[in-house]
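Everything below concerns the one structure shown next.
Values in this text are rule-based calculations from the coordinates and carry no lab data. Everything numeric in this text was worked out from a predicted model, so none of it was measured. Cβ coordinates were reconstructed from backbone atoms using ideal geometry, including for glycine residues, and neighbour counts include every protein chain displayed.
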Amino acid sequence: MLRPYRTYCLAMIKRVLIANRGEIAVRVIRACHEEGLAAVAVYSEPDRLAPHVRDADAAVLLGPAPSAESYLDIGKLIAAAKDTGCQAVHPGYGFLSERAAFAEACTDAGLIFVGPPATAMRAMGDKTEARRRMQAAGVPVVPGTAAPLRDPVEARREAKRLGYPVLLKAVGGGGGKGMRHVAAESEIEGAFQAARREALKAFGDGSMYVEKYLERPRHIEIQILADHRGRVAALGERECSIQRRHQKLIEEAPSVAVSPALRRRLSEAATAAAGAVGYVGAGTIEFLLAPSGEFYFLEMNTRIQVEHPVTELVYGVDLVREQLRIAGGQPMRVHGASGPGGQLHPRGHAIECRITAEDPFNDFLPATGVLQYLRVPSGPGIRWDAGVEAGNEVTLFYDPLLAKLLAWGETREVAIQRMRRALNELVIVGLPTSQPFHLRVMDDAQFLKGEIDITYLERAGARVLAAAPRSGLERAIAVAAAVVVDERRSVTTAGRPDGRTAASVSPWVAEGRRLNLRVGLE
Ligand code: MV4
C-alpha cells in the first residue's frame, strides 16, 4: 500500500530557500524554524550584514545590489537552492512572488514552490480573464468589459454604455499601474492611447479594458488559505484604505465597515474565487466596498502580503507556517471554511503601521542613511516585524519598508491606544521615517471614527501632517535619541556609571534633561 500522501510529503521539505530580503525574509525564517525546517537566505552585496542573512542557517551571495542581478535572477536563485540542498523555495512578496515563470522554474528544477500553481497565478495575472472567471463563479465584478478593448472606438462605445466616469485599466497591470481615470467622452481617446503606451512599456502588453469608476470605495481584502485537499478557509477581511499612491501605510482587521453578515458574503465570494482558479496556498482577494454596501472583486494577490499579520493577530493563525504546511502536502490547521456554520470569527482588533524610510514632511521622499540607533517598542499587544537593525545602511535599491509595527487590543480603541503608546516608544535615529505620520493619524478624528476610504490620505494627509502630536513626547524622544548618539560619540559624559566625568555637559544632554523634566511634570 502507498504511504499516506501527508506522511510522504512531511518528510520531503527539510530546508527552504527564501528568495527575498528584509522583514518578510526574517518572517519566513522564523516560520521555518518553528516548523523544524532549516532556512537558507540569499543576499546581495549591500545586504551582507542584514538580519535575514544572520538569522538563516546558511546564506548565499547572489550578486551586486541591483535586483536584476540578485533577488530577481531566477537562474541564480534556483542554483542557490540546489547547491544548498533545499527542497522548497519561498518567494515572500514582491520580487518574483507572482511570476508564474518563477514558480515553473522551481517545479522544473524539482523544487516545491511555496505558493499557488502557476496556472492559478496566470489566470489571476490576466485581469480580464480573472474578471471572466469570477463572473462565471458568481463573484460580483465592477461593471465593465469582459475582454480587452480592440481600439479607441470600442473604448468609446463601452465607456458610453457604462456611463462616465470610467477607469481604463491594463490587462497585464494590477496595483494601480497603467490606470487612467476618464471623466468625460472628450478625454477617452487620448486616455486610451496614453494608457496603452504606458502599459506596453511597463508590462510588455498594451491590452486595456474599462470599468465603471466607483466613487470613494473602501479597499477591503479577504485572506484565504487553500490546501491540496480542496479545502478553502476564509480568514476575514483587512481594511486597507489608508494608502498613498497605491502604497498601503496602515491596515487593520477587522474593518469597522464590515458586519458579520457582510463578512459572510465577502468570505463566500472569496472562497468561490479561489475555487474557480484551483487555488492552493495563501492568497488574498481584493474587493472595493462601495458606500452603498455593495462590493466588487478587484483582483487577487497570489502571494503572502505585507499586511498578513493583522489577520494573524485576530484569527490566531500563523499564515506563513500554514503556507509551509500546505506546500508540504499537509492539511492546513485552520478549520471552518466559509459557508453555513463554518465561519471563523475575529477576536479583538489589530492595526499595522508600516515604518518606512520616507520623509512624510517632504512628500514621502525615500530616505537613505545609516540606522544609527533603534529602540524597538514592546510590551502588551505589540508586535514588531523588522528587516533591519541598528547599524544597517538603508539604500535606494530596494523597497523603503523598514519594519511593521502592530498593535492588538480587545477593541479598536484599545488597539489604537496601544499603537500610540508603541509609536512613542519607537526611536529611530539616522534617517527620517513614517513614524511621525502614524503618530498623527492615531490622533485624527476621522480615523478614530473609522471614516476612511481610498481617498482618505488625499483629503486628510495635509491636515494630519500639520497637526501637533497629542502627547508632546515626540520631541522628547527625538532629543533623547540625540542624547544617546551624543553619548556614544563623546569620550566622557557626566554622571556615567563607570565613574568617568565630563569636563562639560553637551547641549544635547542638557536639553534632554530639561525636556524629560518638563514632560514628567505635564
Ligand atoms: C478601481 C477604483 C475605482 N473604480 N476600479 C487601484 C489599484 C488597482 N488594484 C485598482 N484600483 C482601483 N480600481 C474601479 N472600477 C479605484 C481604484 C483605486 C484604489 C483601489 C484600492 C486601493 C487604493 C486605490 C487608490 C486609488 C484607486
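Per-structure values
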item	result
Cα-based Rg / Dmax (Å) for the chain	24.4, 83
Rough spin-label spacing in nm, given labels placed 7 Å along Cα→Cβ, for residue 216 and residue 361	3.1 nm
Tilt relative to the chain, helix 456-466 - C-alpha long axis, 0 to 90 degrees, to 10	10 degrees
Sites residue 262 and residue 466, calculated FRET efficiency, Cβ-Cβ separation with R0 35 Å, nearest 0.05	0.50
Cα-based shape type of the range 266-330, given that a ≥ b ≥ c are square roots of the gyration tensor eigenvalues and the cut on a/c is 1.5	oblate
Length added when fully stretched, residue 109-residue 137, from 0.36 nm per residue minus Cα-Cα	6.7 nm
Mean separation of Cα contacts under 8 Å, 6 or more apart, over the residue count of the chain: relative contact order %	12 percent
Residue 59 long-range amide H proximity, modeled H, under 5 Å	41
Ordering of 307-319, 185-197, 260-272 by packing [mean C-beta count within 10 Å, highest first]	307-319, 260-272, 185-197
Projected label distance in nm at residue 12 and residue 99, using a 7 Å step from Cα toward the beta-carbon	2.4 nm
³J(HN,Hα), Karplus 6.51/-1.76/1.60, whole Hz, each residue of the range 164-174, x for Gly, Pro	7, x, 10, 10, 8, 10, 7, 4, x, x, x
The range 158-197: relative contact order in percent, alpha carbon pairs under 8 Å with at least 6 residues between	40 percent
R0 of 22 Å, Cβ-Cβ distance residue 451-residue 425: FRET efficiency to nearest 0.05	0.20
Degrees separating the helix 507-521 axis from the principal Cα axis of the chain, which is the longest one	80 degrees
Under 5 Å, built H, 5+ apart or other chain: amide partners of residue 386	404
Using θ = phi - 60° and Karplus 6.51 cos²θ - 1.76 cosθ + 1.60, couplings along the range 312-323 (whole Hz; Gly, Pro as x)	4, 5, 9, 10, x, 10, 10, 5, 6, 5, 5, 4
On Cα atoms only, tilt of 152-162 relative to the major axis of the chain in degrees	80 degrees
Computed P(r) (all Cα pairs; the range 253-300; 10 Å bins; percent)	24, 57, 19, 1
Under the Karplus curve 6.51 cos²θ - 1.76 cosθ + 1.60, θ = phi - 60°, whole-Hz ³J(HN,Hα) for the range 192-201, x wherever Gly or Pro sits	4, 5, 5, 5, 4, 4, 4, 5, 4, 5
Stretchable slack from residue 205 to residue 150, in nm (0.36 nm times residue separation minus alpha-carbon distance)	18.5 nm
Stretch gain in nm, segment residue 417-residue 375, where the contour uses 0.36 nm per residue and the Cα spacing is subtracted	13.2 nm
The range 9-141 - percent relative contact order, Cα under 8 Å, separation 6 or more	22 percent
Out-of-range pairs (alpha-carbon distance over 19 Å; input 127/201; 248/404; 76/127; 14/82; 127/248)	76/127; 127/248
